[in-house]
Amino acid sequence: MMLQLPSSDPVQALHWLEPLRAAAEKAHVRLTIKLPCHPDWLPCILAVQQAGQAVLLTGLSNPVQLLWAQSLGVAYVAPYVGRLVADGRDVWALMDACVAVQRQGLDQLQGSGPALLAASIKSPDVLARLLACGAAAATLPPASLVAWSRDALTQTALEQFDRDVAASLGLPV
């Protein structure tokens, strides 16, 4: 489960963290704390990490932020793919960089770099490209999951399958 803390103040962060960790432990859920990828949040990021909690940096928008996240040893980075596309950025260069950093630690047998969690995905084609490039995870709203779980081409194939089965069994079509 990934939850965002409401304040960059490290004291408040630790205050919020304890009941969240207790609830996650009781539910047997792995907790990751989501914090903005911004230097103003560094004291909070460090406090959460020093408490032994995994961190996801959200809103990552460029390779310098990616290198910063890597240097901090965070567990995940989460660029908002849709926002980057809307801003006219070369989103695929950044996604490829995120995956390269993700794999770099594995290649050096030091664990892994921050894993890419892609967010703000606006189409199944974008999701396919993210999967192909090696994104570790993606967040999707339930409406997208429902809408993208069915496809007109699959429906046509299913109807043809049903007709073929009926014909092979000598049933009326």
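The values are calculated or read from the model by the stated rules, or taken from the named source; none is laboratory data. Predicted model, so just to flag it, every value in this text is computed and none were measured. Cβ placement follows ideal geometry from the backbone for every residue including glycine, while neighbour counts extend to all protein chains displayed. What goes into the accessible areas is simple: the full protein's heavy atoms, side chains included, and nothing from ligands, DNA or RNA. Shrake-Rupley method; radii C 1.70, N 1.55, O 1.52, S 1.80 Å.
If I build a Gaussian network model for the chain, linking alpha-carbon pairs within less than 10 angstrom, which residue out of 137, 152, 22 has the largest mean-square fluctuation?
152
Give me the extension gain from residue 125 to residue 46: residue separation times 0.36 nm, minus the current Cα-Cα distance, reported in nm with one decimal. Could the numbers behind the result be given before it?
Details: separation 79, 0.36 × 79 = 28.44 nm, distance 3.63 nm.
Stretched out fully, the residue 125 to residue 46 stretch lengthens by 24.8 nm.
Hey, any idea what % of the stretch 112-153's accessible area is carbon plus sulfur with a 1.4 Å probe?
Numbers: 1540 of 2460 Å².
About 63 percent, which is the carbon plus sulfur part of the accessible surface.
So what is Rg over Rh here for the stretch 1-124, counting just Cα atoms and using Kirkwood for Rh? Numbers along the way, then the final one.
Details: Rg = 14.8 Å, Rh = 15.0 Å.
Checking Rg against Rh, the ratio lands at 0.98.
Over the chain, average the accessible area per residue using a 1.4 Å probe and give it in Å², no decimals.
Here the per-residue accessible area is 60 Å².
For residue 96 and residue 157, compute 0.36 nm times the residue count separating them, minus their Cα-Cα distance, and round to one decimal in nm.
On the way: separation 61, 0.36 × 61 = 21.96 nm, distance 3.39 nm.
That pair, residue 96 and residue 157, stretches by 18.6 nm at full extension.
Using only Cα atoms, what Kirkwood radius does the stretch 114-173 have, in angstroms? Before the final figure, lay out the partial values.
On the way: mean 1/r = 0.0709 Å⁻¹.
Kirkwood radius, the stretch 114-173: 14.1 Å.
When the convex hull of the Cα atoms of the stretch 76-164 is projected onto a plane and the area is averaged over all directions, what value comes out in nm²?
Numbers: hull surface 30.6 nm².
Approximately 7.7 nm², given one-decimal rounding.
What FRET efficiency comes out for the pair residue 38/residue 11, r = Cβ-Cβ distance, R0 = 22 Å, nearest 0.05? Present the calculation step by step, with values, prior to reporting the outcome.
Numbers: r = 19 Å, r/R0 = 0.84.
After rounding to 0.05, the efficiency reads 0.75.
What stretch of the chain, leaving out the sites themselves, is the longest with no trypsin sites (Lys or Arg not before Pro) in a DSSP loop having at most 14 other Cβ atoms within 10 Å?
Numbers: sites that count: 30, 122, 150.
Segment 31-121 is the longest.
I want to verify a result. In a Gaussian network model of the chain, Cα cutoff 10 Å, which of these has the top mean-square fluctuation: 114, 79, 39?
Maximum fluctuation in the GNM of the chain, among the listed residues, is at 39.
Quick check on the chain: helices-only [θ] at 222 nm, where DSSP H runs of length 4 and up contribute -39,500 (n - 2.57) each and the sum goes over total residues. Nearest 500, please. Working shown, then result.
Working: 8 runs with 93 residues, N = 173.
Theoretical 222 nm ellipticity from helices: -16500 deg cm²/dmol.
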